[in-house]
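The values are calculated or read from the model by the stated rules, or taken from the named source; none is laboratory data. The structure presented is a predicted model; accordingly, all values stated were derived computationally and were not measured. Please note: Cβ atoms are built from the backbone with ideal geometry, for glycine as well, and neighbour counts cover all protein chains shown.
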Amino acid sequence: MKKIVSILILMLAITTAAAQNGRTKFATDMYQAKHEMIIEELGLTPTQQKQFMPLYQQMEREIYQVNRNARILAGEIEKKKNPTDKEYEAAASALSSTRLQEGEIEAKYFEKFSKILSKKQLFQLKQAEVKFTREMISKKKSNK
């Protein structure tokens, strides 16, 4: 019996690890495609790429962390049987403030980007991000 339980636990661990690796690969591929589109859409020179992309990736990580923290808090509330109004309020506030925090992060990096990119490229950056998002949504819809 112990052997069966050990095998089941091992299988569960392997399955979980494989699923996480699949999500990680998908996320990595998604970010890579987004970065390639930005490089192309903005017409970045090799020098600009070398300066801009690490900053852009750092900004993405900061934004990801803000959203992740809010999702974790919301997930904790969803798991509770009887959350208090104060807990609901804290989770709702965290979820609501993510866009504000994202905007603050983007504003901080906009200043840094403006030292690397031309005014036209700064403008094109937002357009490229929106274009990428639209294309991903369109692909997802067509896969259904």
Going by the structure shown, is Met30 among the aliphatic types (A, V, I, L, M), within 13 Å of the chain's Cα centre (by Cα) and either at pLDDT below 90 or loosely packed, with under 11 Cβ neighbours inside 10 Å (or both)? yes
Residues of segment 80-135 being surrounded by fewer than 11 Cβ atoms within 10 Å (Cβ to Cβ) and assigned to a helix (DSSP H, G or I), in sequence order, are Asp85, Lys86, Ser96, Leu100, Ala107, Glu111, Lys119, Lys120, Val130, Arg134
Going through segment 33-56 in order, the residues found to be loosely packed, with under 12 Cβ neighbours inside 10 Å, assigned to a helix (DSSP H, G or I) and not β-branched (Val, Ile, Thr) are Glu36, Glu40, Pro46, Lys50, Pro54
Within segment 57-70, which residues are surrounded by 13 or more Cβ atoms within 10 Å (Cβ to Cβ) and more than 30 Å from Ser118 (Cβ to Cβ)? Asn69, Ala70
